[in-house]
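The values are calculated or read from the model by the stated rules, or taken from the named source; none is laboratory data. Note that this is a predicted model, so its numbers are computed, not measured. Cβ placement follows ideal geometry from the backbone for every residue including glycine, while neighbour counts extend to all protein chains displayed.
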């Protein structure tokens, strides 16, 4: 659908996925992993550990999302996933304080280069919220650390589940008092957009080819409303 | 308790009441009431109607807070309270659109003179959230219209109740991941601070003697942690 049509359809709210869409989790984790590795004279590849960690956390969220496991905050799932990696990457020499520090590294991640300026521009035309698997406190930390300005922080913690549980998306129109089609999910991850579309939301796919350092963005296998190269491009396409 | 002690006790979060503490509901409503009165050639005293409206909404919130009435958004309670005033102030000539416009006037209120600068200064040292009886969408509107910048919007809508229901205050430490004593309720209303203190939160009473145009601030009949003349004074006392 052309962006001009969207504007006519009274788009009011943009809901942003955060990790990988707004902030660079990989870069942030690599920095912290490299610092800790140097301190302990560990010979790890920070990128490899960061990628493995992120991949290992996802099935834990999925178990919660499917109702197979009680809700725990993303910090707790990150800690569980990290503990799984200790043997795999020979991280046995890390102390409890080191593990805490790594879990907290997820609260302090650099914004993607276009994020701060793009969000500011989009906020002049739309209500801009997060819709992230990070907990409320975590997202507040992420926004403060990266200098991001949202109108509102929405976390899947508020419904004690994780994306793609449909209840997480329904929060956006419900709490922000718009119809589902007046809200657009903005994410670099097709699974997230597909689930948002199933709840009647509009979808903007943002290409983030360096999320995993591969140069290849995931490609949605369904029709999204907008595909954008970054938030500046998104703003232009939405007339903001 | 001296502010220096509070800093040592690791204060992290400031939770702000909004209507009457951050924004001037009376001035905003008077402006809109005066405009509508002129349009319909009504001879009302806008201040009198504004004050009566605010007073009439409170018992409705109390009924919800005590569990005697199902939760409805503050917009709906404002509408119900306004309908009660129609006969009293001879507002029968107002159309549905006029009533809608008045209910929406609560979304577009001027900030109190120190609010924007005070919040900005406090945000450099503390996580700054709302804790208001306004719904999430309403609070987002209020913040945008008044140019206010919060780290997070918390509404009693999230627990489907109203202050002083204890559950509304417990949200603050729970969602922002601090101990209750690391969070401070900031309000111009003693009832609000008393209920926050009962949940272990710190309290800052801000004098707003013109909330009802009387020049007299309510005075707490219990010990608050801080009494401040405005948010600038609060920031100074908290070392921000």
Exercise. Filter the stretch A:164-179 down to residues that are surrounded by fewer than 18 Cβ atoms within 10 Å (Cβ to Cβ), within 14 Å of chain B (Cβ to nearest Cβ), in contact (Cβ under 8 Å) with a residue 12 or more places away in the chain and assigned to a helix (DSSP H, G or I), then give me how many there are.
Key: 1
Quiz prompt | Hits in the stretch A:22-50 (condition: part of a loop (DSSP other than H, G, I, E, B), touching a helix residue (DSSP H, G or I) at 6+ places or on another chain (Cβ under 7 Å) and closer than 30 Å to residue A:186 by Cβ) | solution = A:22
Quiz item: Can you spot a residue in the stretch B:28-38 that is in contact (Cβ under 8 Å) with a residue 40 or more places away in the chain and closer than 30 Å to residue B:240 by Cα?
Solution: yes
Quiz item: Got a sec? Which of A:33, A:112, A:42 is modelled with pLDDT of 95 or more and more than 22 Å from residue A:230 (Cα to Cα)?
Solution: A:33
Quiz item: Do we find that residue A:102 is touching a strand residue (DSSP E or B) at 6+ places or on another chain (Cβ under 9 Å) and either assigned by TED's automatic domain parsing to the domain that holds residue A:172 or under 22 Å from residue A:140 (Cα atoms) (or both) in this structure?
Solution: no
Quiz item: Within the stretch A:124-153, can you find the residues that are part of a loop (DSSP other than H, G, I, E, B), within 11 Å of another protein chain (Cβ to nearest Cβ) and within 20 Å of residue A:238 (Cβ to Cβ)?
Solution: A:124, A:126, A:148, A:149, A:150, A:151
Quiz item: From the list A:93, A:161, which residue is modelled with pLDDT under 95 and more than 13 Å from every other protein chain (Cβ to nearest Cβ)?
Solution: A:93
Quiz item: Restricting the stretch A:182-216 to residues that are closer than 27 Å to residue B:75 by Cα and either surrounded by fewer than 17 Cβ atoms within 10 Å (Cβ to Cβ) or within 14 Å of chain B (Cβ to nearest Cβ) (or both), which is nearest to the chain's Cα centre (by Cα)?
Solution: A:183
